[in-house]
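Values in this text are rule-based calculations from the coordinates and carry no lab data. Being a predicted model, the structure only gives us computed values, none of them experimental. Quick reminder, even Gly has a Cβ in these numbers, built from the backbone with ideal geometry, and neighbours come from all protein chains shown.
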Amino acid sequence: MSLGEIVVRKRIALSMGPGGVGKTTIAGAMGLQAAVEGRRALVLTIDPAMRLADALGLSSLKPGQRHVLDSAALSAAGVPARAELAVSMLDADRTWQAVIAREVSDPDKRRMILEHPFFQRICDDLAGARDYAAVEEIHHLDSRGEFDLVVLDTPPTVYGVSFLEAPDRLLGVLDHNAYRLLLGPALLASKVGLRTWSFSGGYVIRKLSRFTGIEFLRQLASFTDLFSGLLEGFRQRAATVKARLRSGAAGFVVVTAADSNLAREAGYLYRRLQQRDLSPEAVIVNRVTPRPTPLQADGAWRDELRERLGRDGERWLEALERAHATLDALARRDAAALEAIKASMPRSSSFQTVPLMDGDIHDLRGLERLRRALFDPGCPDGSDAPAGETRRTGSC
Amino acid sequence: MTTERDISGLLQRRLLVLTGKGGVGKTSCCAALALCARRAARRVLLAEVFTTRRLPALFGLAVDGDGPISLRPGLDWIRITPARALETYAMQLLKLRTIYRAVFEQRSVQRFLQVVPSLAEILVLGHLVHLVQRGGYDLVILDAPSSGPGALMLEAPRVVIETAPPGSLSDGAAWIHKQLSDPASTAVNLVVLLEELPVSEAIALHHRLRDRDGFPLGWILANRCLADPFPRGAVPLSAEECEGPACALLAAARIYRSRLALQGRYFDRLRAGVDLYALRLPEIASGPFGPEAIEQLASAIESGGMP
């Protein structure tokens, strides 16, 4: 499926890939395209770095807040939008607090959870708690149906799909029953010291407490106890999100750069997604150096050009040829990397390359140029034509 | 903070850590620095953590295990995973493998270990510091995770010292932190590309690591810089009057020069924001980035980078 079709047909789109390949800007451009198509979209970044804000030139975007790019803002940046675009950065703390507030009706118990020292640890990314918060957020957004499309900018992935594996990991970690034997009734009661332990877990606990100290074990025990009633809800929502991501409503996009050293990682991620029935719909190879127009082998033109370049003609000609040769070598290296990336993926996958832009993307205008490159490849800037030539089509 | 410009000073350290935004070429720079150290006859260990055996691949080797293996004479590679580090560490603590199995290979204990804050980082760093201090190598080079996770990893020992109760975990953390914050034997180096986001991340990371954490910083390596072959002034031919190959050259020159201009602007911003010695390394465009390119990059580092 092409990226354009994903934006039009899906309810959830996920931008995934190794670090530094441009997942955030691709996610942002998908959001813009949705606005151009008249769909109400939200781009949500899970990555704690400020890249979405940077890419959009929004220095004021704070975690947890939602910023709406209205039609005035979009058209000022040259985006022919027919809908607004919302952007937001995940605030894991706030999501967790909201979940606890929704799920725990007893105010005393709610307070005990929120004030528990372990709760803050959870919010500070305990065993993927941030990733889990993303899953809760997806569930929340998806079930409210406020948006036609939610585009997720995910954290860098090497070893597969860590943020989709987070619920299992986290639920395992917080599973009270798993510790029952280990921590034992003595510790769960939180009254008795280590010395009184006479059951089989006591030995293990003594060894472990040499690592962590006994207070940590006590806190863990009391927290898993408080949390035990909540796990079923967590599990259900995680299962709903998983099923949703496996359904036709979600589209996974693997983003990579034209770098042969990333080919293996991108291929690995692709297969990991497939193994989990999360079929990747498209592969985006970002920032590919366009091939400059080749020079004629016959060198007669050189003498004429040297002449026209004037007094320093020889030096200028040499410099011009050197710059051309460097860009050509970079383009060839990128083309070779592209082949390596294609070879690491199944033949059937849908590939799209994005030419390296002049300059970085750090405002809405830059993001609009990327959108055109991705979705209107006939337009200037998005051209895959040789450098120096531009094609125009009616839609630009 | 002194700004040392001599590579030999850097290579006299026992531990070099390289971090920076994802995709800037940390791994390539680690490999090139390792070759520089080899050329200075130092015995080197290249270490990677949490990644997928990128370093051997750069040296043209396909590797399955986690090492240590030899990449070149006097240059070894190792991949340190939390599981590997845990086993090594726990074995030292518990002495007996049967006890290790009884305690650490229990499923509930494995789960439990995931909730101990910063444990994975502490274990990996502990293993690394052990390798630094054991004396088998003159220099250990760590290909650290990218900016945010990299800083969190280096900060983990301090967090544990401040929050964990006394015990072997906090003792271990103190021992690691001492190594990481010793300017005589450790230097944390930042790799950047001369682009908007890598440069802003490097400036922020520099303040965080130096001012907040007190780590000894080494060099900034500005990777993949284009050389400027042009004489001064504008190209003495306008795009309107060109034809054929001249047009192709002018078009390429326009793209090339706009990249040079951006590069220059971001280098100035980097130098204004960071008081470390910043070395510009050339873009190596010939062929795929492999063993030959690393040699070229190492030579560029030795000769002081680009003018």
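Brief remarks on what is shown
- When you filter the GluC sites (Glu not before Pro) in region B:234-266 for DSSP loop state and at most 14 other Cβ atoms inside 10 Å of their Cβ, you are left with B:243.
- Within region B:222-291, the trypsin sites (Lys or Arg not before Pro) that combine a DSSP coil assignment with at most 14 other C-beta atoms in a 10 angstrom radius are B:232.
- To the nearest ten degrees, helix B:245-273 and the longest principal axis of the Cα atoms of chain B are 50 degrees apart.
- Computing Rg and the Kirkwood Rh from the Cα coordinates of region A:223-302 gives a ratio, Rg/Rh, of 1.37.
- Cross-link table A:10/A:109; A:23/B:178; A:109/A:242; A:242/B:21; A:10/A:62; A:242/B:26, entries beyond 32 Å C-alpha to C-alpha: A:10/A:109; A:23/B:178; A:242/B:26
- Partnerless Cys - chain B, beta-carbon criterion under 4.7 Å: B:29, B:30, B:36, B:225
- Other-chain or far-sequence residues with amide H under 5 Å of residue A:288's (modelled H): A:354, A:356
- Here's the picture: charge each Lys and Arg Cβ at +1 and each Asp and Glu Cβ at -1 in chain B, and of B:253, B:148, B:83 the one pushed furthest to the positive end of that dipole is B:83.
- Between helix B:147-163 and chain B there is an angle of about 30 degrees, using the helix long axis and the longest principal axis of the Cα atoms.
- Each Cα pair under 8 Å and six or more residues apart adds its sequence gap; the mean of these over the residue count of chain B is a relative contact order of 26 percent.
- For region A:1-129, average projected area of the Cα convex hull in nm²: 9.9 nm²
- Helix B:168-180 axis, angle to chain B major axis (alpha carbon atoms, nearest 10°): 30 degrees
- The calculated FRET efficiency for the pair residue B:184 and residue A:143, based on their C-beta separation and a Förster distance of 60 Å, comes to about 0.55.
- Annotation: peptides A:309-321, A:88-100, ranked by per-residue average of other Cβ atoms within 10 Å with the highest first, follow the order A:88-100, A:309-321.
- Placed amide H near residue B:188: partners under 5 Å, 5+ positions off or other chain: B:17, B:217, B:218
- Residue of B:200, B:147, B:286 that the Gaussian network model of chain B assigns the largest fluctuation, springs spanning Cα pairs under 10 Å: B:286
- Whole-Hz Karplus values for region B:228-238 come out as 9, x, 8, x, 5, x, 7, 4, x, 6, 8 Hz, taken residue by residue from phi with 6.51 cos²θ - 1.76 cosθ + 1.60 and θ = phi - 60°; glycine and proline positions read x.
- For residue A:293, the residues whose amide H sits under 5 Å from its own are A:387, ignoring neighbours fewer than 5 places away on the same chain, with H placed 1.01 Å from N.
- Annotation: the antiparallel percentage among DSSP beta bridges lying fully within the protein assembly as shown is about 10.
- Check: the protein assembly as shown dipole with +1 on Lys, Arg Cβ and -1 on Asp, Glu Cβ, in debye: 2020 debye
- Evaluated at q = 0.22 Å⁻¹: base-10 log I(q)/I(0), Debye formula over Cα of region B:210-275: -1.00
- Computed over chain B with a Gaussian network model linking Cα atoms closer than 10 Å, the most mobile of B:236, B:288, B:68 is B:236.
- Net charge dipole, region A:7-107: roughly 380 debye, given to the nearest 20, about the Cα centre with Cβ charges of +1 for Lys and Arg and -1 for Asp and Glu.
- Here, the protein assembly as shown yields an orientationally averaged convex hull projection of 32.5 nm² when only Cα atoms define the hull.
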